[in-house]
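Here's the structure, in structure tokens; my notes come after.
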Amino acid sequence: MADTRQIRARKGPVTYLLRAFVIAYLAVLVIWPLFEVAKQTFAPADVGDEGGVGAFWERLSDPSVTYAFNLTVTVAFWAVVINTLFGVGISLLLVRYQFPGRRILSVLVDLPMSVSPVVVGLALVLAYSTGKGWFGEALASVGFYVIGTTPGLIMATAFVSLPLVIREIVPVLEEIGADAEMAAHSLGANGWQTFRRITLPSIKWAVVYGVVLSMARSLGEFGAVKIVSPGAEFRGETATLLIQNRYTNYEEPTAYAAAFVLVLASVLALVVVSLIRKEDHS
Amino acid sequence: MSIEVRGVGKRYGDFIALDDINVSLPTGQLTALLGPSGGGKSTLLRIIAGLESTDGGSVEIEGVDATKLPPQKRNVGFVFQHYAVFKHMTVAKNVAFGLEIRKRPKAEVKTKVAELLELVHLSQFAHRLPSQLSGGQRQRLALARALAVEPSVLLLDEPFGALDAKVRKELRDWLRRLHDEVHVTTVFVTHDQEEALEVADEIVVINEGRIEQIGSPDQLYDEPANDFVMGFLGAVTQLGPLRLRPHDIEVAVSPGVPGSSPGVVLRALRVGFEVRLTVEIEGQAEPVLVVLSRTHARALDLELGSQVWLSPATGATTVPAFGVPRPEAVVS
């Protein structure tokens, strides 16, 4: 073992070459484009205009932009709440119970990861729109409209980010095994007591990790939301939709400013995740 | 009777884990469920605990029909092979768990936990996390935790299986002494016949989902009901028409004893204080295994190729041999 470690630690020309390649690759693909976004965010809009933080702030405080971010945060919040509750439930079901169709359910749970979000949006429209949807008419008759409203946005976002929480919890549940839970049962704890006092503390970090990841994913969701939302100013325009709309309408500075905020949120999420990982391993 | 099992069976698809088991375990005793891996003994224990459902029959604990009761209503203590301690709780919290679930007053919980930690010699570790304990200490913790709720029966599933040989032996003695102190009806599963013979008041031998024999360690050893029980409780070899223990064979260097079989020493293996001989005798395909003490072997001046005469010792436990002896019985 000691030998292989030494070979890895050796600094030959190949190591430097690989390192340079990775850095160049990341720079071309990620760092440089994102830097451009940041640069544009703080750039003056027109010749003679003022740039910097003041301009950035001004673009963000536009009521339509505030509305978009409010909507995004609301949608992401509810999507994460729903996904956390269902995610923990489905994970327990998948790992702790044997039932016919368990494997199929396990595959279905992964589906939102592989299906394009646009398809998700289309599917939701087909199922819930009032015109031709399967449930749309029935729901509309009791005054509940899914397509074109905030619940619809939440649904689309929850659909897309569903696997993130589950995929974090399932391996942890499998690893800790059911012995401790059975021990708790034999000591007199009922299902809820066992879950709260034994299972939840063991999967705590996995849940937090999953929540942060799906929060990041939900804030940035575009495709599914694009189909479901009316997508007009003050009417279902989320932050990502706002960026696209403004960009195509030659209001690029606002688009860049909003994009920059989304990038910041993602970076924040990544920092939180890496801190959790450290905590988890200690 | 503390535990009454009647007509219990369990199938997993085509595999029959348990087949119509009937057994009653008396109050206050230490009973071992002994048998090879996959023989169904753990399944039976888990059915008694309610961690596994039975396909038919009934389980009665302290006169109460527990067949349909969930584990938390059966008042049993269960100890797992891999401890199943609550990793995120301190040693004291682990022990207190069952009492807190039962909403006992705080002061009572505290005294009880202190008492139990004293009993399992873990008092000085009360505020540690289980990860800071050794395997043996974790298993003692698991025992204290199970005892805390004052169960009517204590069930242990291969409690020492994950420990190394020395700790295993210590804990075995300790369990025996503990049982003499607390007298709770205890059932433990093991595949180690030495463990069962040493610790248990009564042994239930289970193989292929069926009970082979129930009896005290002496009964089982001296009067095995069948070939399997005899083979499982210790090494067995065949001498002429008889199956008997290798240490129950007398070795002579001259044809003195009437009916003794002449043979030649093929191999001699010394393990510590004993010498294991492989002797080829005339008219028998399978060689005979003989175990004798180092001193005895030296006194007889035995070496490879020595001519010996073998005969069953007086008072030896024997069963008649049917056809070819089962190889696993000879090896064990």
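The values are calculated or read from the model by the stated rules, or taken from the named source; none is laboratory data. This one's a predicted model, so the numbers in the text were calculated from it and none came from an experiment. Note that we place each Cβ from the backbone using ideal geometry, even for glycine, and neighbour counts take in every protein chain shown.
Observations on the model:
- Boolean, A:A224 is surrounded by 18 or more Cβ atoms within 10 Å (Cβ to Cβ), within 14 Å of chain B (Cβ to nearest Cβ) and either farther than 19 Å from A:V120 by Cα or in contact (Cβ under 8 Å) with a residue 40 or more places away in the chain (or both): no
- Selection within region B:76-91 - within 7 Å of chain A (Cβ to nearest Cβ) and of a type in the set (F, W, Y): B:F78, B:F80, B:F86
- A residue that is surrounded by 24 or more Cβ atoms within 10 Å (Cβ to Cβ) and in a helix (DSSP H, G or I) cannot be found anywhere in region B:23-33.
- Subset of region B:213-252 [of a type in the set (D, E, K, R) and touching a residue at least 60 places away in the same chain (Cβ under 8 Å)]: B:D222, B:E223, B:D227, B:R243, B:R245, B:D248, B:E250
- Test: A:I227 is closer than 28 Å to A:S274 by Cβ, touching a helix residue (DSSP H, G or I) at 6+ places or on another chain (Cβ under 7 Å) and in a helix (DSSP H, G or I): no
- Here A:I203, A:I198 are screened, and the one residue that is among the aliphatic types (A, V, I, L, M), farther than 18 Å from A:L262 by Cβ and in contact (Cβ under 8 Å) with a residue 60 or more places away in the chain is A:I203.
- Within region B:180-198, being in a helix (DSSP H, G or I), of a type in the set (D, E) and surrounded by fewer than 19 Cβ atoms within 10 Å (Cβ to Cβ) holds for B:D180, B:E181, B:E194, B:E198.
- Candidates B:E282, B:E286, B:E212, B:E274 - the one that is outside the structural domain of B:A313 (by TED's automatic domain parsing) and either more than 30 Å from B:Y12 (Cα to Cα) or not aromatic (F, W, Y) (or both): B:E212
- Members of region A:183-199 that are buried (at least 20 other Cβ atoms within 10 Å of the Cβ) and either more than 9 Å from chain B (Cβ to nearest Cβ) or under 17 Å from A:V95 (Cα atoms) (or both): A:T194, A:I198, A:T199
- B:I61 being closer than 22 Å to A:Q98 by Cβ, touching a residue at least 40 places away in the same chain (Cβ under 8 Å) and of a type in the set (V, I, T): no
Every residue, every condition in (1) free of Cβ contacts under 8 Å to residues at least 40 places away in the same chain; (2) of a type in the set (K, R); (3) surrounded by 15 or more Cβ atoms within 10 Å (Cβ to Cβ), yes or no:
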| residue | (1), (2), (3) |
| --- | --- |
| A:N70 | yes, no, no |
| A:G89 | yes, no, no |
| A:Y97 | yes, no, no |
| A:P100 | yes, no, no |
| A:V107 | yes, no, no |
| A:M113 | no, no, no |
| A:P117 | no, no, yes |
| A:A123 | yes, no, yes |
| A:L126 | yes, no, no |
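- Taking region B:199-227 as the range and being modelled with pLDDT under 90 and surrounded by fewer than 20 Cβ atoms within 10 Å (Cβ to Cβ) as the test, the residues that pass are B:Y221, B:D222, B:E223, B:A225, B:N226, B:D227.
- Test: residue in region A:229-240 that is surrounded by fewer than 19 Cβ atoms within 10 Å (Cβ to Cβ) and within 14 Å of chain B (Cβ to nearest Cβ): no
- Count - residues of region B:65-75 that are within 10 Å of chain A (Cβ to nearest Cβ), surrounded by 21 or more Cβ atoms within 10 Å (Cβ to Cβ) and assigned to a loop (DSSP other than H, G, I, E, B): 1
- Looking across B:S24, B:S58, one residue alone is within 18 Å of the chain's Cα centre (by Cα) and more than 12 Å from chain A (Cβ to nearest Cβ). It is B:S24.
- When the residues of region A:174-183 are filtered to those that are small (G, A, S) and in contact with a Phe, Trp or Tyr (Cβ under 7 Å, 6 or more places away or on another chain), the one that is nearest to A:S106 (Cα to Cα) is A:A180.
- Lone qualifier among B:V288, B:V279, B:V271 - being surrounded by 11 or more Cβ atoms within 10 Å (Cβ to Cβ) and either under 28 Å from the mean Cα position of the chain (by Cα) or more than 19 Å from B:V257 (Cβ to Cβ) (or both): B:V288
- The numbered conditions (1) more than 14 Å from every other protein chain (Cβ to nearest Cβ); (2) in a helix (DSSP H, G or I); (3) in contact (Cβ under 8 Å) with a residue 40 or more places away in the chain are all true for A:G148 except (2).
A quick yes/no check of all residues on (1) over 24 Å from B:S37 (Cβ atoms); (2) surrounded by 15 or more Cβ atoms within 10 Å (Cβ to Cβ); (3) assigned by TED's automatic domain parsing to the domain that holds B:H183; (4) polar (S, T, N, Q):
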| residue | (1), (2), (3), (4) |
| --- | --- |
| B:R104 | yes, yes, yes, no |
| B:A107 | yes, no, yes, no |
| B:S123 | yes, yes, yes, yes |
| B:Q137 | yes, yes, yes, yes |
| B:R145 | yes, yes, yes, no |
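Every residue, every condition in (1) in contact with a Leu (Cβ under 6 Å, 6 or more places away or on another chain); (2) over 26 Å from A:I176 (Cα atoms), yes or no:
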position	(1), (2)
B:G38	no, no
B:T43	yes, no
B:R46	no, no
B:V64	no, yes
B:V76	yes, no
B:F97	yes, no
B:L119	no, yes
